[in-house]
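Before any comments, here is the structure.
The values are calculated or read from the model by the stated rules, or taken from the named source; none is laboratory data. Remember, predicted model here, so these are calculated numbers, not experimental data. Using ideal geometry, Cβ is built from the backbone for each residue, glycine included, and neighbour counts are taken over all protein chains shown. What goes into the accessible areas is simple: the full protein's heavy atoms, side chains included, and nothing from ligands, DNA or RNA. Shrake-Rupley method; radii C 1.70, N 1.55, O 1.52, S 1.80 Å.
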Amino acid sequence: MAARVGRNDFQILVLSGPSGSGKTTVVERLINESTVKLVKAISATTRPQRKGEVDGVAYYFLTTDEFVKRRDQGDFLETAEVFGAGYWYGTLKSEIQRAKDNQGWAFLEIDVQGALKVMEIYPEALTIFLQPPSLEVCEQRLRNRATDSEETIQRRLRKVHEELALADRYCYQVVNDDLDRAVDEIKTIIGKHSL
Ligand code: 5GP
């Protein structure tokens, strides 16, 4: 089906969910399947590039100096030190503009701290929190990602608890108990907001 944008020509869609909620797959599916054109905002980060990640595709990988310089210049809509490990993440304002230029919605896949800031700046943003089916599934998914050390896994698990506590700040909460069902539910939400 051809991508279309509804009466709300421009919208910011924020999707958050703890590590292990299955967010990455949901994001990919939504970009491919949504009837509204979703332009994924490419975040900037100071964390090391993982194997297979391409600069400018997965993230804009910046040094800490570059990140701080751009933050001080006012280039970011929001920034957050996501896992308390000294690595910064942020949404560049230019990514919002890129979505507008491409006649799509800006699709932000960011953590809860960042999402709360976006809600302040754009109270009309459509915000969705993806709930893992259970904490056990979340932990298992985290552990299956062989690239992370035990320390990283523990830090990410602590973060899972913090994020779950703020889930009710979002417009919608969707449980990722079944991938197809969760994607359909989000597509329906998006559809409702594009009429
Ligand atoms: P990764 O596994 O890629 O190191 O970390 C992903 C985490 O950082 C996820 O929780 C994701 O939502 C968050 N994140 C990615 N980009 C941004 C961003 O631009 N801003 C904020 N606040 N969080 C981000």
| remark: Sole miss for I189 among (1) touching a residue at least 24 places away in the same chain (Cβ under 8 Å); (2) in contact with an Asp or Glu (Cβ under 9 Å, 6 or more places away or on another chain) is condition (2)
| Whichever residue in segment 64-110 is acidic (D, E) and open to solvent by 40 Å² or more (accessible area, probe 1.4 Å) and, among such residues, is nearest to S43 (Cα to Cα) | E109
| Top-ranked residue in segment 129-172 [being without any contact (Cβ under 8 Å) to a residue 12 or more places away in the chain, closer than 23 Å to E81 by Cβ and of a type in the set (S, T, N, Q); ranked as nearest to the ligand (Cβ to nearest atom)] | S149
| task | Would you point out the residue of segment 11-50, among those that are open to solvent by 50 Å² or more (accessible area, probe 1.4 Å), within 14 Å of L179 (Cβ to Cβ) and within 12 Å of the chain's Cα centre (by Cα), that is nearest to the ligand (Cβ to nearest atom)? | result | T24
| said: Can you find, within segment 154-195, the residue that is farthest from L30 (Cα to Cα) among those that are touching a strand residue (DSSP E or B) at 6+ places or on another chain (Cβ under 7 Å) and open to solvent by 20 Å² or more (accessible area, probe 1.4 Å)? | reply: C171
| With E95, E53 as the choices, which residue is of a type in the set (D, E), within 9 Å of the ligand (Cβ to nearest atom) and assigned to a loop (DSSP other than H, G, I, E, B)? | E53
| Answer from A85, A41, A80 - the residue that is within 29 Å of T188 (Cα to Cα) and among the small types (G, A, S) | A41
